[in-house]
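The values are calculated or read from the model by the stated rules, or taken from the named source; none is laboratory data. These numbers come from a predicted model, not from an experiment. FYI the Cβ positions are ideal-geometry reconstructions off the backbone, even for glycines, and counts take in every protein chain you see. Accessible surface is based on the protein model in full, side chains and every heavy atom, while ligands, DNA and RNA are left aside. Shrake-Rupley method; radii C 1.70, N 1.55, O 1.52, S 1.80 Å.
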There are 2 protein chains.
Amino acid sequence: MKFCSNCGGPVVLKVPAGDNLPRHVCDACLTIHYQNPRMVIGCIPEWEDQVLLCRRAIEPRYGLWTLPAGFMENGETVAQAAQRETLEEARARVELADMFAVLSVPHVNQVHIFYRARLLDLDFAPGAESLEVRLFPETAIPWPELAFRTVSTTLRHYYADRKVGGFAFHSGEILPAR
Amino acid sequence: MKFCSNCGGPVVLKVPAGDNLPRHVCDACLTIHYQNPRMVIGCIPEWEDQVLLCRRAIEPRYGLWTLPAGFMENGETVAQAAQRETLEEARARVELADMFAVLSVPHVNQVHIFYRARLLDLDFAPGAESLEVRLFPETAIPWPELAFRTVSTTLRHYYADRKVGGFAFHSGEILPAR
């Protein structure tokens, strides 16, 4: 951020009075421009014993597999974001079950949230940001080709819970790979 | 948003190619300025059968009571945000328990997340944004003077769960008051 989105003047990075972190501040119109983490919302679409994954048609992680998910928009709920992203990326309609995982990814200023969900029909297809959309049984999950650690972590929790016969809610964090 | 924070040129509101929502776009440097919901993170600090509330010294809702909570910052986890806000607003140290509630507030573009937490000592005091910080037993909770519906909803879930002897995770949404 170099310019004030309110008045177009230059911004400086400084700690505003009463604050304790540097912010982009406009000395002309006095606007403080806060920057905050963004939420990535998605779901685990289930069909019998399979889950739906999307192969990414965009960077980052072009060509790798992911659960349908994307940035939450203003004006929607977390649940609406999960359904919208699933429709956009996999052209799939789901009925959401419980919220399943909330994972902080502090080094990229994101929080990823996944629901469990029931796929309502098999009329799915790649959306504009997907190369391919497919159902996978657990034995076929392409673990080394998953796009994000939040996705692999969520799926690991999912299969571990399924094995013990009950789904729990999971929260946690993904730290930078060493 | 009137000006581009990258180049200082004017922005226009339009739907970028491949998108389906209007965004603030700079026609000079081609930057698309996305705006996304923000997260408000806090906790329910418990001490024996009491919980800690803060009376707000800032707008909105000056003078009303709230759980310690505030905007999540870049670079931190949800759990770190809950502990930091509790320290800032109530000068209180807590050990977090489970994530307890995730509540969407779509009409203000926010998601509020609360943990249950154990107050580690009684050396709490009002932070800069609080007029007063006090422990309340359930019978003394100032329900009509709570600052936000996410706080009253979270506390209602908390006391309902406590009554049945087990805390569950809650997700939901707060719609505009009619």
Protein heavy-atom accessible area occluded, B/A pair - total, 1.4 Å probe, Å²: 3200
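For B:102-111, what's the mean count of beta carbons from other chains sitting within 10 Å of each residue's beta carbon? Display every interim value, and only then the final one.
On the way: counts 7, 2, 9, 1, 9, 2, 2, 5, 1, 9.
Neighbouring Cβ atoms belonging to other protein chains average 5 per residue here.
By the gyration tensor of its Cα atoms, with a ≥ b ≥ c the square roots of the eigenvalues, what is the shape of the protein assembly as shown: rounded for a/c under 1.5, prolate for a/b over b/c, or oblate? Before the final figure, lay out the partial values.
Working: a/c = 2.01, a/b = 1.15, b/c = 1.74.
Because a/c hits 1.5 or more and a/b fails to exceed b/c, the protein assembly as shown counts as oblate.
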Packing-based ranking, highest mean first, of B:110-123, A:154-167 given that Cβ atoms within 10 Å are counted: B:110-123, A:154-167
Shape of chain B, Cα gyration tensor, a/c cut at 1.5: prolate
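As a test of the formula, what do you get for the protein assembly as shown when each DSSP H run with n ≥ 4 contributes -39,500 (n - 2.57) and the sum is divided by the residue count, at 222 nm and rounded to the nearest 500 deg cm²/dmol? Intermediate results must be reported in sequence, preceding the final value.
On the way: 4 runs with 58 residues, N = 356.
It lands at -5500 deg cm²/dmol.
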Residue mean of other protein chain beta carbons inside 10 Å, B:154-163: 0
Principal-axis tilt of helix B:78-90 within chain B, Cα atoms, nearest 10 degrees: 60
Cys with no candidate disulfide partner in chain B (beta-carbon separation under 4.7 Å rule): B:Cys43, B:Cys54
Protein accessible area in chain A, 1.4 Å probe - carbon and sulfur %: 52
Per-residue average of Cβ from other chains inside 10 Å of B:79-92: 1
Average accessible area per residue (Å²) across the protein assembly as shown - probe 1.4 Å, nucleic acids and ligands excluded: 48
Gap separating the Cα centres of the stretch A:18-91 and the stretch A:134-176, nearest whole Å: 18
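How long are the three semi-axes of the equivalent ellipsoid for the stretch A:16-60, computed from the Cα gyration tensor as the root of 5 times each eigenvalue, in whole Å, largest first?
Values: eigenvalues 382, 36, 12 Å².
Working through the eigenvalues yields semi-axes of 44, 13, 8 Å.
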